[in-house]
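The values are calculated or read from the model by the stated rules, or taken from the named source; none is laboratory data. In this text, all values refer to a predicted model and were calculated from it rather than measured experimentally. Cβ sites come from the backbone with ideal geometry, for glycine too, and all protein chains shown count toward neighbours. These accessible areas exclude ligands, DNA and RNA; they are computed on the full protein's heavy atoms, side chains included. Shrake-Rupley method; radii C 1.70, N 1.55, O 1.52, S 1.80 Å.
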2 protein chains.
Amino acid sequence: MINLNFNKIQGLVPAIVQDYETGEVLMLAFMSQDAWEATIATGKATYYSRSRQKLWVKGETSGNFQLVKEILVDCDEDTVLLKIEQKGGAACHTGHQSCFYRKVENDGSVKNIGKLIFDPMEVYK
Amino acid sequence: MINLNFNKIQGLVPAIVQDYETGEVLMLAFMSQDAWEATIATGKATYYSRSRQKLWVKGETSGNFQLVKEILVDCDEDTVLLKIEQKGGAACHTGHQSCFYRKVENDGSVKNIGKLIFDPMEVYK
């Protein structure tokens, strides 16, 4: 069993989340040791919510679970890359397919280039 | 000009680095405000090295610069995604194309699935 280094960011490692078919980067979240073990045990991406300070099974509210297809670890063993199937088609709480739906233009402004999949008001009430 | 939130991780934001042509995730690094501004100003990916505690122009030692093709920001404005052209073909200091060259198997062991581009002993002496 590989041991990740959770010591660099207060007991957490960043997890990059990528669509397993298209390669689109959908989001970045953080995992504690418990979140990491839960993800491997259940096959559903599980993170540590820094705002709520607890384990967070992605999709527990929206139903948009992330089924883990492949897990990769980096050279330093302090970051993981999850290749997942995104249920519902949207990873972002704003209803966009990806959290990275805004592009930084040359003048420093941002432009929305993302695809809106659902209305967050409908999903989260 | 967009203001990123540098307050969540000791003045840093994670930067996910992706090949602009293939979509392969190459590495994750961190940016300080100075690194962020340098990246935008120069078009060369610049990070903050936590181990050396200073700005780090990726490729300054190896010559393997990362030319920034596109920058995206996430919903929370605390993570960036860089789509880059990797000079020399390898982003990882181990000589692999990607830092994510090891796959976690079902039994928790890891398997090297990465492509070795250069011999790090030759490049870093």
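Would you kindly work out the equivalent ellipsoid of segment B:22-63 from its C-alpha gyration tensor and give its semi-axes, the square roots of five times the eigenvalues, largest first in whole Å?
Ellipsoid semi-axes (Å, largest first): 16, 13, 11.
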Excluding same-chain residues fewer than 8 positions from residue A:69, which aspartates and glutamates have a Cα within less than 18 Å of its Cα?
-> A:19, A:21, A:24, A:37, A:85, B:24, B:105, B:107
Straight-line reach check, residue B:115, cutoff 16 Å on alpha carbons, 8 or more apart in-chain or any other chain, hits among lysines -> B:87, B:103
Go ahead and run the numbers for FRET between residue A:116 and residue B:105, Cβ-Cβ distance against an R0 of 45 Å, rounding to 0.05.
-> 0.75
Given a 1.4 Å probe, the accessible area of segment A:1-55 per residue, as a whole number of Å², is 48
Whenever you get a sec, compute what percent of the accessible area on segment B:1-105 sits on carbon and sulfur atoms (1.4 Å probe).
-> 42
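Distances over 25 Å make up what percent of all Cα-Cα pairs in segment A:12-125?
Considering segment A:12-125, 22 percent of its Cα-Cα pairs are separated by more than 25 Å.
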Based on Cα positions only, what radius of gyration and what Dmax would you give for segment A:55-113, in angstroms?
-> 14.7, 39
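DSSP loop (so not H, G, I, E, B), at most 14 other Cβ within 10 Å: list which trypsin sites (Lys or Arg not before Pro) in segment B:34-77 pass both filters.
Here the trypsin sites (Lys or Arg not before Pro) that fit, given the DSSP loop and packing criteria, are B:52.
Is the protein assembly as shown rounded, prolate or oblate when judged by the Cα gyration tensor, a ≥ b ≥ c being the square roots of its eigenvalues, rounded requiring a/c under 1.5 and prolate requiring a/b larger than b/c?
On the way: a/c = 1.61, a/b = 1.18, b/c = 1.37.
Judged from the Cα gyration tensor, the protein assembly as shown comes out oblate (a/c at least 1.5, b/c at or above a/b).
Taking the Cα centre as origin and putting +1 on Lys and Arg beta-carbons and -1 on Asp and Glu beta-carbons, what dipole magnitude results for segment A:1-95, to the nearest 20 debye?
So the magnitude is around 420 debye.
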Looking only at B:46, B:79, B:22, which one moves most when chain B is put into a Gaussian network model with springs between Cα atoms under 10 Å?
-> B:22
Taking DSSP loops as anything outside H, G, I, E and B, show the longest stretch in chain B free of GluC sites (Glu not before Pro) there with at most 15 other beta carbons within 10 Å.
-> B:22-59
Given a 1.4 Å probe and no ligands, DNA or RNA in the count, how much accessible surface is buried by B and A, both sides, to the nearest 100 Å²?
-> 3200
